[in-house]
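The values are calculated or read from the model by the stated rules, or taken from the named source; none is laboratory data. Values in this document were obtained by computation on a predicted structure and should not be read as measured data. Every residue, glycine as well, gets a Cβ built from its backbone with ideal geometry; the counts of neighbours run over all protein chains shown. With ligands, DNA and RNA removed, areas are computed over all heavy atoms of the protein, side chains included. Shrake-Rupley method; radii C 1.70, N 1.55, O 1.52, S 1.80 Å.
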Amino acid sequence: MSVATTYAEALFEASVEAGVLGPVAAGMGEFAAAYSGSDDLRLALESPDLDPDAKRRVVRALAEDAHPFVANTLQMLIDRGRIADLPEIAAAFDRRVTVAEGRLEVEAVTAIPLPDDLRGSIVSSIQEQTGRSVDLSESVDPDIVGGLVLRVGETVVDGSVRSRLDQLRREMTTASVDSAAVAD
């Protein structure tokens, strides 16, 4: 088990036991987003030149409205020199919450943004097939040319035009040619 998973699991279990999973999940997500989104904050908290007390004051001020479990976790990460692991810890915590709530995280990669009707159709189809609620995240990658790539956990369903073109190219370069048919 990774360090991030260990911290995430401990925070998850404490949050469930105290009945505060929702507020803790929200707070961890908000702080992790702020941390990842601010180079200044990240560099300050990771800097070996900044006094640990100053780092604790910064975290305390930023997390004053967060649930105490969030603030305490952040303080502990500062104290143990693990604040750089926050994005990984927050992601592991979020995955743990997702599993506990029976949600399924699905990523859709398309060449252009998904229209609302297609997004709804994808979510409905996956929910019908799995019996679980779906959290759909989307990203655009013009390199796939067209179609759709779905990632559900470790499973990837690649229905992209790029994948099909690559497959056809491989088949064309490895296909045996009947020389008698070519001569005719």
Original post:
Rounded if a/c is under 1.5, else prolate if a/b is larger than b/c, else oblate: which is region 50-90, with a ≥ b ≥ c the root eigenvalues of its Cα gyration tensor?
Top reply: oblate
Original post:
Please identify the chymotrypsin sites (Phe, Trp or Tyr not before Pro) of region 1-82 that satisfy two criteria: DSSP loop assignment and at most 15 other Cβ atoms within 10 Å. Which are they?
Top reply: none
Subject >> Qualifying trypsin sites (Lys or Arg not before Pro) for region 22-113 [loop in DSSP, other Cβ within 10 Å: at most 13] >> reply: ARG80
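With every protein chain kept in place and ligands, DNA and RNA left out, what is the accessible area per residue of region 93-184? Probe 1.4 Å, answer in Å².
Numbers: 6290 Å² over 92 residues.
Dividing the accessible area of region 93-184 by its residue count gives 68 Å².
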Subject >> Cleavage-rule hits (GluC sites (Glu not before Pro)) in region 64-133: DSSP loop, at most 16 neighbouring Cβ within 10 angstrom >> reply: GLU64, GLU101
**OP:** Give the distance, in whole Å, between the Cα centre of region 153-169 and the Cα centre of region 9-37.
**Re:** 36
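State the percentage of accessible surface on region 12-119 attributable to carbon and sulfur atoms; use a 1.4 Å probe and exclude ligands, DNA and RNA. Please list the in-between numbers first.
Working: 3130 of 5940 Å².
Carbon and sulfur: 53 percent of the exposed surface of region 12-119.
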**OP:** Go ahead and estimate [θ] at 222 nm for the chain from helices alone: -39,500 (n - 2.57) per DSSP H run with n ≥ 4, summed, over the residue count, rounded to 500.
**Re:** -19500 deg cm²/dmol
Original post:
Based on DSSP H assignment, which helices of the chain show an axial Cα extent of at least 18 Å together with a mean Kyte-Doolittle hydropathy greater than or equal to 0.5?
Top reply: 3-18, 21-37, 86-100
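Using a Förster radius of 25 Å, what is the FRET efficiency between ARG60 and ARG119 based on their Cβ-Cβ separation? Nearest 0.05, please.
On the way: r = 40 Å, r/R0 = 1.61.
E between ARG60 and ARG119, to the nearest 0.05, is 0.05.
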